[in-house]
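Novice: Quick one: the structure is below, and I'll ask about it shortly.
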Amino acid sequence: MQLTGSQIVVECLKEQHVDTVFGYPGGTILNIYDELYKQQDSIRHILTSHEQGASHAADGYARATGKVGVVLATSGPGATNLVTGIATAYMDSIPLVAITCNVGVSLLGKDSFQEVDIAGITMPVTKYSLIVKDITQLAYQLRRAFRIARSGRPGPVLVDITKDVTAAVCEYTPEEPYHVLPVTDTIREKDLTKAAEMIERSERPVIFVGGGAISSGAYEEVRELAARIQAPVCDSLMGKGAFPGTDPLYMGMLGMHGTKTANNAVHKCDLLIALGCRFSDRDTGKTSMFAHQAKIIHMDIDAAEINKNVIVDASVVGDLKESLTRLLKKIKPADHSEWIEQVTAYRDEHPLKYDYPRLTGPYVIRKLYEIAGDNAIITTDVGQHQMWAAQYFSYTKPRTFLTSGGLGTMGYGFGAAMGAKTAFPEKTVVNIGGDGCFRMNMNEVISAVRNGINVIEIVMNNEVLGMVRQWQHLFYGERYSHTVLNDGCDFVKIAEGMGALGIRVEEPEQVEDAIRTAIAAERPVVIDCRIHRDDMVFPMAPAGKPIESAFDQDDIDFE
């Protein structure tokens, strides 16, 4: 059948079972938006207030569902406004397809109005980026984009389309979407055998779980491995929910703001089994000292990650779920009860704790967990509140904690919450942010109101850039250079002005009622929690230092 380029775009989206896209229109992409108008019964479009919000929403949709998120933007500044969101998805291996439109072919390279080489700009932060200047290639490239985004290690792909291609006509033949298979041809029997032998010889094993366990769907296999060999488990920020946070074997998060238990156990273990992680510097601290008493097994889909940051003793490359399935067939049950007792005793001696008598971030998050439960989806921005959300909310299911781990993008959370809530309207979706981060994305509150996306925003409002101030306090002689935000901004009034419900919380006794009111509300809610500016995230290992050197408030007070 003969279709225009804009019709082909929409038909390809339908082929890929896309039911929701996020975006912002403009001149060069108008033909596609006109077609979306005609086919609005097939594909829902969520209009955001800014293209960056749209990219984060598509990212949140992808993280919550495991499907490819789709975002649309026009040329020039519309396209460049997507870059931070694309980079966020790239760093965390999130499948995303960004579709932008450019000026016509005859105007390319002439500094035309709103012309920019977005394919070139995004090349370093995408799995693949290209510009389509020939309509006969349009359907092929769009299908290829979805295949690349989903295959192997997931990630974002950008397809830029010239405006004349969206108006041109050519023959279109429908196709079934490409069935992406797990990467298994790289899984070698000898690698599995070596890993199994190392596990059998170990007396003090630790399992470290990363985001790859969530991408591959390896949750049951991770749990079975931990139970079978009786190994304590820690996770990265991206791995939360792959192993239940309520399991007796769970030690908490590893790294700079990980628990003393997890950091100490990795320091003392004789075998570290790393599953779907990339050994970020925030996880390892000083790499030369990381698990230096242990042998390390690294299982990951990306061969480029093996020995990149940490030198390992054995590796298995391939889909983690399939790798673990095969590995489990080679492993016998083991008794490490003495090791578990040591770890448990240390955990009891060094629990996470916070100051209850006044309102604190950890207290708010624990109350949120008690009320909303583990079926809620939690998104975060970046900073102290992000670490508290990782430490004090017990994630028992995958895809329930959505955060910018690798890039650390302030302003990520509210857009991501919109994407998750769009995918799961029946679930409670809460973004936990700081007042600095909320300033970056509060324009999306009106997008949530306009689209009927009833998310909850909890602002940890300490009138400072909390995490930066913490570093200034601990390492910069308390010189608080440009981190104070006490400008009298009233987030409750702002929320109400945009049609949301605003609630202010100043005392611990007000938290429960505020959260219950927000969950019951039939519109977006902003809860402004006024916490103390000098509250800090503990434990903390200084950057570049061994993670076992992590200290907390008691250590500072003792000194």
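The values are calculated or read from the model by the stated rules, or taken from the named source; none is laboratory data. Model, not experiment: these values are computed from the prediction. Cβ: placed from backbone, ideal geometry, glycine included. Neighbour counts: every protein chain shown. Each accessible area value is taken on the protein alone, full model and side chains, heavy atoms only, with ligands, DNA and RNA left out. Shrake-Rupley method; radii C 1.70, N 1.55, O 1.52, S 1.80 Å.
Novice: For the range 260-277, give me each residue that is under 22 Å from the mean Cα position of the chain (by Cα) and either surrounded by fewer than 24 Cβ atoms within 10 Å (Cβ to Cβ) or free of Cβ contacts under 8 Å to residues at least 60 places away in the same chain (or both).
Specialist: Scanning the range 260-277 gives a single hit, Ala262.
Novice: Does Leu485 satisfy the condition of being out of contact with any Cys (no Cβ under 8 Å at 6 or more places or on another chain), under 16 Å from Ile531 (Cβ atoms) and not hydroxyl-bearing (Ser, Thr, Tyr)?
Specialist: Yes; evaluated as a whole, the condition is true for this residue.
Novice: Give me the strands (runs of 3 or more DSSP E) completely within the range 168-287, filtered to those with at least 1 residues that are of a type in the set (A, V, I, L, M, F, W, C) and closer than 24 Å to Ile331 by Cα, ordered by residue number.
Specialist: 205-209, 233-235, 250-253, 271-275
Novice: Let me ask you something else. Give the residues of the range 152-168 that are in contact with a helix residue (DSSP H, G or I) (Cβ under 8 Å, 6 or more places away or on another chain) and open to solvent by 10 Å² or more (accessible area, probe 1.4 Å), sorted by residue number.
Specialist: Those that are in contact with a helix residue (DSSP H, G or I) (Cβ under 8 Å, 6 or more places away or on another chain) and open to solvent by 10 Å² or more (accessible area, probe 1.4 Å): Arg153, Pro154, Lys163, Asp164, Ala167, Ala168.
Novice: Pull up the range 517-529, narrow it to residues that are more than 26 Å from the chain's Cα centre (by Cα) and not hydrophobic (A, V, I, L, M, F, W, C), then point me to the one that is nearest to His385 (Cα to Cα).
Specialist: Thr517
Novice: For the range 72-91, which residues satisfy the criterion of being surrounded by 24 or more Cβ atoms within 10 Å (Cβ to Cβ), of a type outside the set (S, T, N, Q) and assigned to a loop (DSSP other than H, G, I, E, B)?
Specialist: Hit for the range 72-91 is Leu82, nothing else.
Novice: Assess whether Tyr250 counts as being in contact (Cβ under 8 Å) with a residue 12 or more places away in the chain, among the aromatic types (Phe, Trp, Tyr) and farther than 30 Å from Asp552 by Cα.
Specialist: So Tyr250 does not fit the description; no.
Novice: Quick check: anything in the range 361-380 at pLDDT 95 or above, under 17 Å from Val525 (Cβ atoms) and among the acidic types (Asp, Glu)?
Specialist: No: zero hits.
Novice: State the number of residues belonging to the range 376-400 that are in a loop (DSSP other than H, G, I, E, B) and either of a type in the set (Ser, Thr, Tyr) or closer than 17 Å to Ser93 by Cα (or both).
Specialist: 6
Novice: Continuing with this model, one more query. Only one of (1) closer than 23 Å to Thr517 by Cα; (2) charged (D, E, K, R); (3) part of a loop (DSSP other than H, G, I, E, B) fails for Arg366. Which number is that?
Specialist: Here Arg366 clears every test but (3).
Novice: Then there's this: Scan the range 113-151 residue by residue and report those that are part of a loop (DSSP other than H, G, I, E, B) and open to solvent by 30 Å² or more (accessible area, probe 1.4 Å).
Specialist: Answer for the range 113-151, where residues must be part of a loop (DSSP other than H, G, I, E, B) and open to solvent by 30 Å² or more (accessible area, probe 1.4 Å): Phe113, Gln114, Glu115, Val116, Asp117, Lys127, Lys133, Asp134, Ser151.
Novice: When you go through (1) of a type in the set (Gly, Ala, Ser); (2) open to solvent by 30 Å² or more (accessible area, probe 1.4 Å); (3) within 27 Å of Ala218 (Cα to Cα) one by one for Ser288, which number turns out not to apply?
Specialist: (3)
Novice: May I pose another question? Go through (1) open to solvent by 30 Å² or more (accessible area, probe 1.4 Å); (2) farther than 20 Å from Met238 by Cβ; (3) not in a helix (DSSP H, G or I) and name the single condition Thr325 misses.
Specialist: The failed condition is (3).
Novice: When the range 520-535 is examined, which residues are found to be closer than 19 Å to Pro362 by Cα and open to solvent by 40 Å² or more (accessible area, probe 1.4 Å)?
Specialist: Arg530, His532, Arg533, Asp534
Novice: Scanning the range 214-246 for residues that are among the hydroxyl-bearing types (Ser, Thr, Tyr) and surrounded by 24 or more Cβ atoms within 10 Å (Cβ to Cβ), which turns out farthest from the chain's Cα centre (by Cα)?
Specialist: Ser216
Novice: Which count do you get for residues in the range 306-325 that are over 19 Å from Phe243 (Cα atoms) and charged (D, E, K, R)?
Specialist: Number of matching residues: 2.
Novice: Same structure, new question: Residue by residue through the range 333-357, note down the ones that are touching a helix residue (DSSP H, G or I) at 6+ places or on another chain (Cβ under 7 Å), open to solvent by 40 Å² or more (accessible area, probe 1.4 Å) and in a loop (DSSP other than H, G, I, E, B).
Specialist: Once the filter is applied, which keeps residues that are touching a helix residue (DSSP H, G or I) at 6+ places or on another chain (Cβ under 7 Å), open to solvent by 40 Å² or more (accessible area, probe 1.4 Å) and in a loop (DSSP other than H, G, I, E, B), the range 333-357 yields Pro333, His350, Leu352, Tyr354, Tyr356.
Novice: I'd like to know if the range 102-115 contains one or more residues that are within 27 Å of the chain's Cα centre (by Cα) and touching a residue at least 40 places away in the same chain (Cβ under 8 Å).
Specialist: Looking for residues that are within 27 Å of the chain's Cα centre (by Cα) and touching a residue at least 40 places away in the same chain (Cβ under 8 Å), one finds none in the range 102-115, hence no.
Novice: Applying the selection to the range 377-400, what residues are surrounded by fewer than 22 Cβ atoms within 10 Å (Cβ to Cβ) and small (Gly, Ala, Ser)?
Specialist: The answer is Ser394, and nothing else.
Novice: Report yes if Ile94 is among the β-branched types (Val, Ile, Thr), in a loop (DSSP other than H, G, I, E, B) and surrounded by 23 or more Cβ atoms within 10 Å (Cβ to Cβ), otherwise no.
Specialist: Against the criterion (among the β-branched types (Val, Ile, Thr), in a loop (DSSP other than H, G, I, E, B) and surrounded by 23 or more Cβ atoms within 10 Å (Cβ to Cβ)), Ile94 qualifies.
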